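Some notes on the structure that comes next.
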Amino acid sequence: MRLVEALRGGSEAAFRELMRMYGASMLRVAQLYVRSRAVAEEVVQETWLAVLKGIVRFEGRSSLKTWLFRILTNTAKTRGEREGRTVPFSALAGAEQDDGASVDPDRFLGPEERFPGHWSAPPSSWAGEPEERLLAGETLEVVQAAIDKLPPAQALVITMRDIEGFSADEVCNALEISETNQRVLLHRARTRVRRALEDYLS
Amino acid sequence: MRLDRELTCAQLVELVTDYLEQSLPVRDMERFEEHLAFCGGCAAYLEQMRTTIVVAGRLRERDLPPELEEQLLEAFRGWSTP
């Protein structure tokens, strides 16, 4: 609550600190709701204005981060709808269609085999990959491209968890989804990104 | 998901996130780890999943574009000095 108090008191240092902590994450998350980078930047500005206006009434029942990202996602959603972008975020509430098995079923032995359900084409270890290759710009582009192709609710959850480093609780609170839902969306998202990386690295 | 005795690889890959999130019931977690101990393919799969998470984390950018930061500061100053 130290930053909240300071911000209420008009401290620019507190504002700068909050911007440093959350600004870039806010921009990335906003971009998942609206068409363009420019509009995402406007969403971030609108959010901060709403935060400054509302900070006197912030009671600290949720964390500042949760409160901030709720304002952000609501602002971004409204903006996205106004743009006529009807993103099926209803998926957050439950039934984004199941996209099947995590791994191509052909990579496992069939029911007629001696060990059904065991790998016939096991994945190979990436431990031998040099770190420079794994973390090279091109590899990062493959990961970003895979995330961009995900259904929006999955993209949102993996972005918040794995890119921006939110905890599971923080994502559930900010997006108002259940733990189970969060986990299912995260699982599908990570599974697809892993597959894209495997295709690229092999 | 309830599992009977032994876990297959096809079942294990569906449980990887639950495992990493530490949300598996204890018995399933034990089966998961037992399976891993003797299955190189699944060990590699889990390691790939962990690497995927690390690589995704590298996409993070910590800084806002400077023009946006400047605009936000201006808005802040407008708010704090009525």
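So here's what we get for this one:
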quantity: Index of the failed condition, B:VAL16 passing every other in (1) over 21 Å from the mean Cα position of the chain (by Cα); (2) outside any loop (DSSP other than H, G, I, E, B); calculated: (1)
quantity: Test result for A:ALA6, within 13 Å of another protein chain (Cβ to nearest Cβ) and either crowded, with 19+ Cβ neighbours inside 10 Å or under 17 Å from B:GLN71 (Cα atoms) (or both); calculated: no
quantity: Candidates A:PRO116, A:PRO123 - the one that is under 21 Å from B:GLN11 (Cα atoms), facing chain B (nearest Cβ under 8 Å) and surrounded by 21 or more Cβ atoms within 10 Å (Cβ to Cβ); calculated: A:PRO123
quantity: Residue that is exposed (fewer than 12 other Cβ atoms within 10 Å of the Cβ), at pLDDT 95 or above and outside the structural domain of A:VAL34 (by TED's automatic domain parsing), where the choices are A:GLU131, A:GLU138; calculated: A:GLU138
quantity: Count of residues meeting criterion [among the small types (Gly, Ala, Ser) and more than 7 Å from chain A (Cβ to nearest Cβ)] in the range B:41-74; calculated: 1
quantity: Qualifying positions in the range A:23-39 - without any contact (Cβ under 8 Å) to a residue 40 or more places away in the chain, part of a helix (DSSP H, G or I) and within 16 Å of A:GLY84 (Cβ to Cβ); calculated: none
quantity: Residue tally, condition in a helix (DSSP H, G or I) and more than 12 Å from the chain's Cα centre (by Cα), over the range A:152-182; calculated: 5
quantity: Residue tally, condition among the β-branched types (Val, Ile, Thr), within 24 Å of A:GLU170 (Cβ to Cβ) and at the interface with chain A (Cβ under 7 Å from one of its Cβ atoms), over the range B:9-31; calculated: 1
quantity: Number of positions in the range A:74-120 that are modelled with pLDDT of 90 or more and either in contact with a helix residue (DSSP H, G or I) (Cβ under 8 Å, 6 or more places away or on another chain) or outside the structural domain of A:ARG190 (by TED's automatic domain parsing) (or both); calculated: 14
quantity: Check on B:ARG77, within 19 Å of A:LEU140 (Cβ to Cβ) and facing chain A (nearest Cβ under 8 Å); calculated: no
quantity: Residue that is nearest to the other protein chains (Cβ to nearest Cβ), among those in the range A:126-151 that are under 17 Å from B:GLU61 (Cβ atoms) and acidic (Asp, Glu); calculated: A:GLU141
quantity: Selection count where residues are modelled with pLDDT of 95 or more and on the phi > 0 side of the Ramachandran plot, scope the range A:155-190; calculated: 1
quantity: Yes/no for A:PHE58 being aromatic (Phe, Trp, Tyr), surrounded by fewer than 21 Cβ atoms within 10 Å (Cβ to Cβ) and either touching a His at 6+ places or on another chain (Cβ under 8 Å) or more than 12 Å from chain B (Cβ to nearest Cβ) (or both); calculated: yes
quantity: Criterion: in contact with a strand residue (DSSP E or B) (Cβ under 8 Å, 6 or more places away or on another chain), part of a helix (DSSP H, G or I) and more than 14 Å from A:ALA127 (Cα to Cα) - qualifying residue of B:ALA37, B:ALA10; calculated: B:ALA10
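Every residue, every condition in (1) facing another protein chain (nearest Cβ under 10 Å); (2) crowded, with 22+ Cβ neighbours inside 10 Å, yes or no:
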| position | (1), (2) |
| --- | --- |
| A:ALA153 | no, yes |
| A:ILE158 | yes, yes |
| A:ALA168 | yes, no |
| A:THR180 | yes, no |
| A:ARG190 | yes, yes |
| A:ARG194 | yes, yes |
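The values are calculated or read from the model by the stated rules, or taken from the named source; none is laboratory data. Everything numeric here is computed off the predicted structure, so don't read it as measured data. Using ideal geometry, Cβ is built from the backbone for each residue, glycine included, and neighbour counts are taken over all protein chains shown.
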